[in-house]
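Worksheet: one structure, shown below.
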Amino acid sequence: MTAPRLLITASPHLSEPDSTPKIMWHVVLSLLPVVGASIYFFGPSAVLVITAATAGALVTEWIFGTRGSLLDGSAMITGILLGLVLPAGIPLWMAFVGGVFGIGFGKLIFGGLGQNIFNPALLGRAFLQAAFPVAMTTWPVIRENWWQLRGDNLALPLMSPKEVDVLTEATPLGLMKFEQTGTDLWRLTLGATGGSLGETAGVLILLCGGYLAIRNYLNWRIPASIFLTVAVFSVLLHLIDAARYPDALFMLFSGGLMLGAVYMATDMVTSPVTNLGCWVFGFGIGFLVVVIRLWGGLAEGVMYAILLMNALVPFINRATQPRAFGAEQPKAKQTT
Amino acid sequence: MTAPAPPPTKMDVPVKRLLVTLATAGAVAGFLIVFVFGWTQPIIQAYKAEQLRLAVQEVLKAPDRFDTLYVHDGALTAELPAGVDGTTLEQVFVGYREDGERIGFAVAAGEPGFQDIVRLIFGYDRASGTVLGMKVLESKETPGLGDKIEKDSAFVLQFDGAVTPLLGVKPRDATGDLHEIDMITGATISSRVVIRIINNTIERLGPLLDAYAASYAAATVP
Amino acid sequence: MSPRETAPQADFFRGVWRENPVLIQMLGLCPALAVTNTVENSLWMGLATFFVLTGSSFIVSLIKKLIPGEVRIPTFILIIATFVTVADMSLEAIVPTVHKQLGAFVALIVVNCMILSRQEAFAAKRPLGRSLLDAFGTGLGFIVALVMMGAIREVLGNGTLMGFSLFGPNFEPWVIFILPPGGFLTLGFWLLLLNWFQKWRTERAKVRAWPEGVGAPPERKAA
Amino acid sequence: MGRKLRFRHGVHPPELKDLTASVPIRRMPFPTEIVLPLSQHTGKPSRAIVRPGDWVERGDKVGEADGFISVPVHASAAGTVEEVGLWPHPNGFYSPAVRIAVAPFSAQVPRSRIIPDWEGLSREQLVEAVKQAGVVGLGGAAFPTHVKLSPPKDAPIDTILINGAECEPYLTTDHRTMVEYPERMHRGLRIMMRCLGVDRAMIGIEKNKPDAIEAIRATLPHDLDVTVHRLTVKYPQGYEKMLIKAILGREVPSGKLPMHVGVVVHNVASVATIAEVFETGLPLIERIMTVTGNGVRQPSNLIVPVGTKTRDLIDACGGFSDDAREVVFGGPMMGTAVASLDAPVLKGTTGVVVLTDADVKPQKSYPCIRCGHCLDSCPVFLNPQVLGQLALSERYDEMEAHNLADCMLCGCCGYTCPSNIPLPQLFQLAKVALRRQQTAA
Amino acid sequence: MGEVFWILVSAMVVNNFTLYYFLGLCPFMGVSARVETAVRMGMANIFVMTMASLCAWFLNTFILPHAPYLRLISFIVVIASFVQIVEMVIKKVSPKLFRQLGIYLPLITTNCAILGLALFQTNRGYGLIQGLSFAVGAGLGLTLALVLMASIRETGELSDVPSIAKGMALVLIIAGSLSLAFMGFAGLLSAT
């Protein structure tokens, strides 16, 4: 008998086939259709902006991250997501800076993958929003000439973008908030509206997210509770004053709600670990979105709502610790 | 660091000396403050008055002189009854041309803006319902965007000659109507705040201004 | 902190850098973050604080023997408040535009922990000359820190330094740096830089102190 | 049964039972040497009562029970005691063991003994007989059976649950026992009900063993209140608290035992063994176990003398395949990998799984990404995510506050963790460290 | 009523004392390591701020019109002595709480947030009700920031932060991020 060189590993000796990099790369994969849609709508600008944001994220991860952390795919997700929430006409250097900030100050400073509090992509965007408010709120419209850049993408680093002859329009939410003008629901759901690169095609995002949810790569409870909360609040408000408050479908499909709820809020690292926590988290985001959109100074609040709830996640986790099997008060609330 | 270390000298100092020293120190401190107050206050007051004059000057298009009116008892009055402190009352300034003719009123007002309260002063000709000029006194709007209400002369100059009630429109929808104010792209809220403050203030003070103008006319027409 | 014998110049330099009130001791952060969006504001704020610190250190050191322990802190605050009132009114008279921007933060010097802590830790225990040296040093350190903050925030947030344009008219200002988040981030960034420098120095010292002939020094980890 | 018989959370590992599910049980030949560790059960190790050179018959006692929660150890083959000393134990350490050189040409007929008529014995006598036979739970934990048969007065038992879930992947020990020896199991159950004075028994079997359910149902004794329950296939269905929850809907309070909710749970194999003890008079010296996995040439269900060395066991199953890499005692979820092929089979060893290079899971772990999958899988509703992080920073005291004591090391969290963090190991280490702290204090 | 509510919301989130005005940073940095302590500190602050607002209103209405140059001194003295009383009461009523707040309770006196509240209230000419609403809003905002920071820091203790970011650098960057996130509340309730 040939005795093998025995290996000793820890139990369990079986494991689920999913691994962290696999999950991450699946998310990247599922983002490709959304990226495709953004390219379809915004042309070469979309490619450039998403590439620049991703490059910023990857370079930072490569320089400051731990060895091999580039391969786990998380920096890639951050980069692509950041690219998808930027306007098409933004100068590339700004997109790059956003990626650097998101990864550097949003993730690596906390110790890298798994340790961060805020969603790095959104933190990067929030930084850009605060740093370059004008560039971040200039929304180019879809052009007949697909090949034309949608803004001064190629502005020199640190320099202001030049005025480029590109038509801009307000986002559906902006139109609603500042001009009380609605937008056709078909255009909304298909994505043919002004807005960030990847946030417009709501239906497509839902499909991609559905794929991830089926594979259990995202917790469906978060988007579900966000949609539910936003829908319930908007239906109620719409019933109270239809002229002032838009209807639920508009609220759901406008702005970054789809992208935010499906891809940003569900970032595993920055969302609660307990399922009850996820419901609370989603409710909080939905509530804040409605508050900021309807009573705040900004037309869109998904990014800030998610960031604010990110900050609350440690607290939610604390408050929703599961009740151990057989512990006291068997009727206490429990996670499903 | 703040552990209460009992001072070793506590018992050594006679109470009388302690009191005297403290009193002296207090007196010196008080003297110092009063001295500096006396020195700085005129300068500060002069500066404030100058600022106010400049602001009124700007929004009333260089009046020859202006009077301060107080909103008291639901009416505008230049003379306050004795015992009423004018500094706590809302003030309206009325400017006159060289020939003594009234140019209009300058009113300061504020409302919540994008970040915090926006305060501005505007000149207003009640008879024609025309805004003469507008100047933002205080705002914390977003630099580069919302602060254009203060710094973008194109926006500010639109108010000269605009007719109330003002109406904010997007630049490309502008029709040239005198009620219209082109809003700043991307800073709709801040633009609206300015417009709203003026409209609200006029709505609030309009009757008072009318009443004052009527009494003024009655007084000047012999 | 028990009074140890230190050289006079140490009293001075300690506060400037090694025990810098803002960057090391994290005291007086409120003005260091709130009014440092331009170098000019930082400088005036620093000067005002410097004035209050030296003034109150002088007085406290002068009358320290007369202050009963129980009312020590209120007395200090009273003294500080006097100087702050003076500084506030003077600033308003001298540079009204700056004073308008600093707003209530000049008056808030009175609750700057740095000043109170210097009175507690130093002025109330040491002779007059030393206290003044200490106050000068700490005050200077405060100015240095504020100007460091102001420089980054003004250069990035406005493209200017002391009002002079650095990058030409096409520079896109990073507005965030003159907004509140920029204050936090700038100070955080400075601390990162200082910590990194500190780490680099200790490691270099370790390598240098490695005795000869005892093998190679441990490799320095990449920062 | 309208209600689905299951518990919440848990995982669905691949079953992998096809290798041996239909392989009939066979008896393996006696090896040349037997090693009987004195610590084969939960509780205090037994005390050796033989010396080197002593001759022992098959079934003779070599170690005496040392205390209430302790059982004797018996020789599983006739031969000469070679040594009483330290020997590799499956848990990875060396531990005291009695080593017997098996007499080469012995027929291995046990010493003739009087077989008492169990129906004539009192309860206490029955329990004592079980104890003297060295019977322990054969489901893996090896808790002395006689302890479970003598509950304290203040915990009245109303139901006996027979655990036929066998939720660990690969293993088919209980499955084959139920298929091949259903009557023996029922006889054991009868004895047990008598012991405990309980009228009701329930047998829980996972749905994926229809032949076992069929066999047990077909042989149900009609004079007893015994019912068979089909359970959802889910790991760790075989954990007693989960079984009780699934069948009876009762939740065993944290830190308490099943008897506190009026239930005792026994493994199928243990029950069958009790019947054997009273039929043959032989103590627990052999057991049925599964030797399986892709790393062994001829996966089998075997009757194995307790104390058989791994090496001999594998030989009896055709030897290792060329790519065999890891030998796991017990199932793959909770079992431990053995370091030495000299380690002997214990009373509680349910099976031996030999994994190949391809089966051994990668060892690289990633940072925790707080996905929450471990919380979704933990059958006792702990928060392995926080526990794991606390364990990594060695904050064991805080782990206790997070109910570490309730963790039964089932391995669900480790199974489901995408970052491959060895959570069960961390918890085991923490438990050991805490116990050490407590004994030190 | 609307204005009073706006003042409350504005002081709480839009112009959060800590994250927008950098007031009360000492407790924000110092007492934000544990959530329980942070909550207590926040409560103490709300209470003291409400009282400070009352004091300030009283002084502004009855004393200071006659001696404007004494504004700062009278504020600080009145508030300091008031906090001293509160401190003594807490020491008596709950020694445990007193121990937990440690050095920071006396420092509430020199907490910029308290004096800042009084000064801001004065500068804006708030009346009694407005001032109280302002104080409660500011206190709630301070508590919110404290508790958020504390829970984040508690989580952060378990992660392997790079050595150069350990300590205050990380806290500041978290604060910066929080401040960024709070920018989302800009313009809240100032009708469009």
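Mind listing whichever residues of segment B:127-149 are basic (Lys, Arg) and surrounded by fewer than 19 Cβ atoms within 10 Å (Cβ to Cβ)? Break it down stepwise before answering.
So the first thing to find is which residues in segment B:127-149 are basic (Lys, Arg), and the list is B:135, B:140, B:148.
Answer for segment B:127-149, where residues must be basic (Lys, Arg) and surrounded by fewer than 19 Cβ atoms within 10 Å (Cβ to Cβ): just B:Lys140.
Could you please give the count of residues in segment E:56-73 that are surrounded by fewer than 18 Cβ atoms within 10 Å (Cβ to Cβ) and in a helix (DSSP H, G or I)?
Going residue by residue through segment E:56-73, those that are surrounded by fewer than 18 Cβ atoms within 10 Å (Cβ to Cβ) are E:58, E:61-68.
Filter again for in a helix (DSSP H, G or I), leaving E:58, E:61-66, E:68.
The qualifying residues number 8.
Answer yes or no: is there a residue in segment E:117-129 that is modelled with pLDDT of 85 or more, charged (D, E, K, R) and part of a helix (DSSP H, G or I).
no
Of everything in segment A:285-311 that's in contact (Cβ under 8 Å) with a residue 24 or more places away in the chain and surrounded by fewer than 22 Cβ atoms within 10 Å (Cβ to Cβ), which residue is nearest to the other protein chains (Cβ to nearest Cβ)?
A:Leu294
Which ones in segment E:148-168 are at the interface with chain A (Cβ under 8 Å from one of its Cβ atoms) and in a helix (DSSP H, G or I)?
The first filter runs over segment E:148-168 and keeps only residues at the interface with chain A (Cβ under 8 Å from one of its Cβ atoms), leaving E:148, E:151-152, E:154-156, E:159-162, E:165.
Once the filter is applied, which keeps residues that are at the interface with chain A (Cβ under 8 Å from one of its Cβ atoms) and in a helix (DSSP H, G or I), segment E:148-168 yields E:Leu148, E:Ser151, E:Ile152, E:Glu154, E:Thr155, E:Gly156, E:Ala165.
So, restricting to strands (runs of 3 or more DSSP E) that lie completely within segment B:126-222, which ones have at least 2 residues that are modelled with pLDDT of 90 or more?
Per the criteria, B:130-138.
Report yes if E:Ser10 is within 14 Å of chain B (Cβ to nearest Cβ), hydroxyl-bearing (Ser, Thr, Tyr) and in contact with a strand residue (DSSP E or B) (Cβ under 8 Å, 6 or more places away or on another chain), otherwise no.
Working: within 14 Å of chain B (Cβ to nearest Cβ): yes; hydroxyl-bearing (Ser, Thr, Tyr): yes; in contact with a strand residue (DSSP E or B) (Cβ under 8 Å, 6 or more places away or on another chain): yes.
Against the criterion (within 14 Å of chain B (Cβ to nearest Cβ), hydroxyl-bearing (Ser, Thr, Tyr) and in contact with a strand residue (DSSP E or B) (Cβ under 8 Å, 6 or more places away or on another chain)), E:Ser10 qualifies.
Answer with yes or no whether E:Ser32 is away from chain C (no Cβ under 14 Å), within 24 Å of C:Gly183 (Cα to Cα) and crowded, with 24+ Cβ neighbours inside 10 Å. Break it down stepwise before answering.
Details: away from chain C (no Cβ under 14 Å): no; within 24 Å of C:Gly183 (Cα to Cα): yes; crowded, with 24+ Cβ neighbours inside 10 Å: yes.
For E:Ser32, the condition - away from chain C (no Cβ under 14 Å), within 24 Å of C:Gly183 (Cα to Cα) and crowded, with 24+ Cβ neighbours inside 10 Å - is not met.
Evaluate the following for E:Thr37: is it surrounded by 19 or more Cβ atoms within 10 Å (Cβ to Cβ), among the β-branched types (Val, Ile, Thr) and modelled with pLDDT under 80?
Numbers: surrounded by 19 or more Cβ atoms within 10 Å (Cβ to Cβ): yes; among the β-branched types (Val, Ile, Thr): yes; modelled with pLDDT under 80: no.
Judged against the criteria, E:Thr37 is not a match.
Scan A:Thr189, A:Thr270, A:Thr274 and give me the residue that is closer than 30 Å to A:Pro314 by Cβ and under 18 Å from the mean Cα position of the chain (by Cα). First the steps, then the outcome.
Working: A:Thr189 fails: closer than 30 Å to A:Pro314 by Cβ; A:Thr274 fails: under 18 Å from the mean Cα position of the chain (by Cα).
Going through A:Thr189, A:Thr270, A:Thr274 in turn, just one is closer than 30 Å to A:Pro314 by Cβ and under 18 Å from the mean Cα position of the chain (by Cα): A:Thr270.
How about segment A:119-137: which of its residues are at pLDDT 95 or above and of a type in the set (Phe, Trp, Tyr)?
Within segment A:119-137, the first condition is being at pLDDT 95 or above, and the residues that meet it are A:119-128.
Scanning segment A:119-137 gives a single hit, A:Phe127.
Only one of (1) part of a loop (DSSP other than H, G, I, E, B); (2) surrounded by 19 or more Cβ atoms within 10 Å (Cβ to Cβ) is not met by D:Pro29, so which one is it?
Just one mismatch for D:Pro29, condition (2).
Just one of (1) surrounded by fewer than 24 Cβ atoms within 10 Å (Cβ to Cβ); (2) touching a residue at least 40 places away in the same chain (Cβ under 8 Å); (3) not in a helix (DSSP H, G or I) trips up A:Arg323, so point out which.
Only one criterion in (1) surrounded by fewer than 24 Cβ atoms within 10 Å (Cβ to Cβ); (2) touching a residue at least 40 places away in the same chain (Cβ under 8 Å); (3) not in a helix (DSSP H, G or I) is unmet by A:Arg323, namely (2).
Could we say that A:Gly68 is of a type in the set (Gly, Ala, Ser) and either more than 11 Å from chain D (Cβ to nearest Cβ) or in contact (Cβ under 8 Å) with a residue 40 or more places away in the chain (or both) here?
On the way: of a type in the set (Gly, Ala, Ser): yes; either more than 11 Å from chain D (Cβ to nearest Cβ) or in contact (Cβ under 8 Å) with a residue 40 or more places away in the chain (or both): no.
No: the conditions fail for A:Gly68.
So which of C:Ser165, C:Ser131, C:Ser117 ends up being over 26 Å from C:Pro74 (Cα atoms) and either within 14 Å of chain A (Cβ to nearest Cβ) or crowded, with 19+ Cβ neighbours inside 10 Å (or both)? Before the answer, list the steps.
Working: C:Ser131 fails: over 26 Å from C:Pro74 (Cα atoms); C:Ser117 fails: over 26 Å from C:Pro74 (Cα atoms).
Testing whether each residue is over 26 Å from C:Pro74 (Cα atoms) and either within 14 Å of chain A (Cβ to nearest Cβ) or crowded, with 19+ Cβ neighbours inside 10 Å (or both) leaves just C:Ser165.
Between D:Gly319, D:Gly331, which is more than 8 Å from every other protein chain (Cβ to nearest Cβ) and modelled with pLDDT under 95? Outline the logic, then answer.
On the way: D:Gly319 fails: more than 8 Å from every other protein chain (Cβ to nearest Cβ).
Answer to the selection: D:Gly331.
Hey, could you check segment A:87-123 for residues that are more than 9 Å from chain E (Cβ to nearest Cβ) and in a loop (DSSP other than H, G, I, E, B) and say which is nearest to A:Asp267 (Cα to Cα)?
The extreme case among them is A:Asn119.
Looking at segment A:1-40 only, could you name the residues that are within 7 Å of chain D (Cβ to nearest Cβ), closer than 28 Å to A:Gly260 by Cβ and crowded, with 22+ Cβ neighbours inside 10 Å?
A:Thr20, A:Ile23 - these are the residues of segment A:1-40 that are within 7 Å of chain D (Cβ to nearest Cβ), closer than 28 Å to A:Gly260 by Cβ and crowded, with 22+ Cβ neighbours inside 10 Å.
Name the one entry in C:Val98, C:Val86 that is within 12 Å of chain B (Cβ to nearest Cβ) and within 30 Å of C:Asn37 (Cα to Cα). I'd like the intermediate steps shown before the answer.
On the way: C:Val98 fails: within 12 Å of chain B (Cβ to nearest Cβ).
The match here is C:Val86.
Quick check on my filter: what residues within segment C:56-102 are at pLDDT 85 or above, assigned to a helix (DSSP H, G or I) and surrounded by fewer than 20 Cβ atoms within 10 Å (Cβ to Cβ)?
Hits for segment C:56-102 are C:Phe58, C:Ser90, C:Ala93, C:Ile94, C:Pro96, C:Thr97, C:Val98, C:Lys100, C:Gln101.
Just for strands (runs of 3 or more DSSP E) wholly inside segment D:61-163: which have at least 2 residues that are small (Gly, Ala, Ser)? Show your work before the answer.
Values: elements: D:61-64, D:79-88, D:94-102.
Once the strands (runs of 3 or more DSSP E) in segment D:61-163 are filtered for at least 2 residues that are small (Gly, Ala, Ser), what remains is D:79-88, D:94-102.
Helices (runs of 4 or more DSSP H) wholly in segment D:239-326 with at least 3 residues that are of a type in the set (Val, Ile, Thr) - which ones? If you could, list the steps in order and put the result at the bottom.
On the way: elements: D:240-248, D:268-280, D:310-316.
In segment D:239-326, the matching helices (runs of 4 or more DSSP H) lie at D:268-280.
Which members of segment A:249-284 meet the condition of being more than 11 Å from every other protein chain (Cβ to nearest Cβ) and of a type in the set (Val, Ile, Thr)?
Matches in segment A:249-284: A:Val262, A:Val280.
Inspect all residues belonging to segment A:71-79 and state whether any of them is within 11 Å of chain D (Cβ to nearest Cβ) and not in a helix (DSSP H, G or I).
Yes - at least one qualifying residue is present in segment A:71-79.
Can you go through B:Gly74, B:Gly86, B:Gly38 and tell me which one is over 24 Å from B:Ala162 (Cα atoms) and within 12 Å of chain C (Cβ to nearest Cβ)?
None of the other options fit; the residue is B:Gly38.
Step by step: first the residues of segment D:350-400, then only those that are β-branched (Val, Ile, Thr) and more than 7 Å from chain A (Cβ to nearest Cβ), then the one that is surrounded by the fewest Cβ atoms within 10 Å (Cβ to Cβ). Which residue is that? Working first, answer last.
Residues of segment D:350-400 β-branched (Val, Ile, Thr): D:350, D:352-354, D:356, D:360, D:369, D:380, D:386.
Filter again for more than 7 Å from chain A (Cβ to nearest Cβ), leaving D:350, D:352-354, D:356, D:386.
Details: D:Thr350: 29, D:Val352: 29, D:Val353: 31, D:Val354: 25, D:Thr356: 18, D:Val386: 22.
Applying the filter and picking the extreme gives D:Thr356.
Please enumerate the residues belonging to segment D:164-216 that are assigned to a loop (DSSP other than H, G, I, E, B) and within 11 Å of D:Ala272 (Cβ to Cβ). Explain how you work it out, then say what you get.
Going through segment D:164-216, the residues assigned to a loop (DSSP other than H, G, I, E, B) turn out to be D:165-172, D:181, D:197-199, D:207-209.
Within segment D:164-216, D:Tyr181 is the sole residue that qualifies.
The values are calculated or read from the model by the stated rules, or taken from the named source; none is laboratory data. Source: prediction; values computed, not measured. Quick reminder, even Gly has a Cβ in these numbers, built from the backbone with ideal geometry, and neighbours come from all protein chains shown.
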